[in-house]
Amino acid sequence: MTSANSAPQSEASPASEKYLQAGHAVPDPSEESKPSLVDKGKAAFAQARERWPWINHLVATVERYNDRRGNVYAAGISFNGILAIVPIIMVGFAIAAFVLASRPELLDELKNAIVDAMPGQAGDQLGDVIDSAIDSRATVGLIGLFGAAFTGIGWISGVRVAFTEMYGGRVDRNPVMSKVWDLVTFVLLGVAFAATMALTALGNSGLTTKLLSWVSLDDASWAPVVVRVVSILISVFASWLLFTFVLARLPLVPLPFVNAMKAGLATAIAFEIVKSLGGLYLKSVLSSPAGIAFGPILGLMVFAYLASRIVLYASAWCATDPINAAYQVEEEDERLRPVVLAPTTQVSPVPRPGVVVGAIGVGAAASAVLGWMMRRR
């Protein structure tokens with residue numbers, strides 16, 4: 001018999017009864033309220049985005065790249081770029097042919113070197129090919145120029161559309177003048193690329209070694225390291241100028257050069273890394289006959305796609321930079337009007353009495369005329 005002063009027993013909750021019936025221990029409510037590892041990671045990432053703005057900028061860059069179909073544009077730019085290389089190579093061969101035609105002694109040295117290097121009759125056949133190519137240099141050059149202009153306009157147009165997409169949308173352009181400006185931009189980009197290659201070649205030409213020899217430091221143990229570092233810095237600097245021009249002038253927005261300098265420098269560094277990896281790749285694949293046949297082609301395709309993605313990510317970085325908020329493209333809302341499909345049934349109305357009487361009169365008159373004609377026969 002229980003006493004009246006005894007404390008009442010607490011009733012178990014339905015959830016606790018379920019755990020007890022199943023033979024499990026009742027979980028501690030404090031443990032259920034603890035956040036999971038995923039929730040902790042999300043919270044830590046949100047705090048990091050608030051603490052370091054560059055992380056928030058990086059996330060915005062990736063989101064903008066994915067939202068504006070960056071991979072699709074990168075694939076299109078790569079394909080059109082490789083297609084545009086063929087007529088440019090034709091123009092290069094034509095220029096080389098004009099140079100060789102104006103210097104017969106250099107042409108003879110080239111042909112003799114080829115004949116000596118190739119076994120059997122292969123050298124003589126290649127010599128004939130060189131002669132025929134030099135004879136048709138004007139035709140090859142003209143075809144290459146027209147082909148480069150046609151494919152170059154298509155490529156630069158796709159590049160400008162892709163870069164502008166990173167800023168939020170597309171810009172309406174004049175169908176005629178846009179082609180003219182795209183051709184001018186393609187030529188300017190070619191000149192800038194040639195200047196970049198010349199500056200890079202100058203850094204790798206041994207100029208640094210000559211400068212060290214003038215001060216009697218070329219025999220120092222650290223001299224090769226200095227030469228290598230200087231050549232890399234010159235290459236990065238030249239690429240920085242090129243990509244700053246690309247990021248500032250190819251998008252169809254009035255972006256200042258200063259606003260694209262940070263992204264241009266990051267792109268130049270990434271491009272230098274990709275070039276170094278590409279050199280290692282070619283060294284590894286050119287050691288076998290299959291690699292010699294397919295390695296350069298595959299390497300060119302991969303390099304073009306990676307370079308396109310890097311530059312598009314850089315453009316998305318510029319577009320999501322707070323200092324470039326005033327240069328965003330706002331697309332017009334071109335939503336289709338709703339189409340309402342409703343069945344339409346047309347019911348013939350009941351003829352009016354006057355119409356019926358008139359029809360009867362016309363029929364009677366026609367019958368009388370027909371009977372009179374029959375009687376005449």
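The values are calculated or read from the model by the stated rules, or taken from the named source; none is laboratory data. Predicted, not measured: the structure shown is a model, and the values here were computed from it. For neighbour counting, all protein chains shown are included, and Cβ atoms are generated from backbone atoms with ideal geometry for every residue, glycine included. All accessible areas refer to the heavy atoms of the entire protein, side chains included, with ligands and DNA or RNA removed. Shrake-Rupley method; radii C 1.70, N 1.55, O 1.52, S 1.80 Å.
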What does the charge add up to near R160, with Lys and Arg as +1, Asp and Glu as -1, over the other residues with Cβ less than 11 Å from its Cβ?
+1
Label-point separation, V229 to I323 (7 Å along Cα→Cβ), nm
2.8
Just add up the charged neighbours of A316: K/R +1, D/E -1, any other residue whose Cβ is under 14 Å from the Cβ of A316.
+1
For V176 paired with I360, estimate the spin-label separation in nm (one decimal), with each label point 7 Å from Cα along the Cα-to-Cβ line.
7.2
Can you give me the solvent accessible area of M261 with a 1.4 Å probe, rounded to the nearest 10 Å²?
80
W54 paired with I297, simple spin-label distance in nm, labels 7 Å along Cα-to-beta-carbon
4.2
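Less than 15 Å Cβ to Cβ from N66, Lys/Arg counted +1 and Asp/Glu -1: what total charge do the surrounding residues give?
Working: positive: R64, R68, R69, R309; negative: E63, D67, E165.
Cβ neighbours under 15 Å give a net charge of +1.
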The FRET efficiency for A201 and K34, from their Cβ-Cβ distance with R0 = 41 Å and rounded to 0.05, is 0.05
